[in-house]
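Peer 1: Below is a structure I'd like to ask you about.
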Amino acid sequence: MPTILGTVAKQLKSHPALIPLFVFIGGGTTMSMLYLARLALKNPDVSWDRTNNPEPWNKMDVTQQYKLFTVNMDYSKLKKDRPDF
């Protein structure tokens, strides 16, 4: 029974035009997994430790940026818009 990697390597040797397809699909898959991991670890809406910090969004500073990309936003000039708990 041939392995999957052996079959893929055989196909790539006989059809070299498939190499960019595998590179871009592999790169896209890797980037999407990294972004999903970033959302799971850095997003204040996600709480992994409910005993020590059940509401992590309340511990964030107003000027702390947690979005990956923000257009023309200066967090240092924001006023506090929520009460302390």
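The values are calculated or read from the model by the stated rules, or taken from the named source; none is laboratory data. Keep in mind that this is a model prediction, so the values were computed, not measured. Just so you know, the surface numbers come from the protein's heavy atoms only, side chains and all, with ligands and any DNA or RNA stripped out. Shrake-Rupley method; radii C 1.70, N 1.55, O 1.52, S 1.80 Å.
Peer 1: Principal axis lengths of the range 6-79 from Cα atoms, whole Å, largest first?
Peer 2: Each principal axis gives a Cα extent; for the range 6-79 these are 61, 36, 10 Å.
Peer 1: Leaving ligands, DNA and RNA out of it, work out the accessible area of I19 with a 1.4 Å probe and give it in Å² to the nearest 10.
Peer 2: Per-residue accessible area (I19): approximately 80 Å².
Peer 1: First check a/c for the range 1-48, with a ≥ b ≥ c the square roots of the eigenvalues of its C-alpha gyration tensor; if it is under 1.5, answer rounded, and if not, answer prolate when a/b is larger than b/c or oblate otherwise. Walk me through the numbers on the way to the answer.
Peer 2: Numbers: a/c = 8.64, a/b = 2.64, b/c = 3.27.
It is oblate, given that a/c is not under 1.5 and a/b is not larger than b/c.
Peer 1: Residue by residue, what Karplus-based ³J(HN,Hα) values in Hz, rounded to whole numbers, does the range 4-11 have, using 6.51, -1.76 and 1.60 with θ = phi - 60° and x for Gly and Pro?
Peer 2: Per residue, the Karplus-derived 3J(HN,Hα) values read 5, 5, x, 5, 5, 4, 5, 5 Hz.
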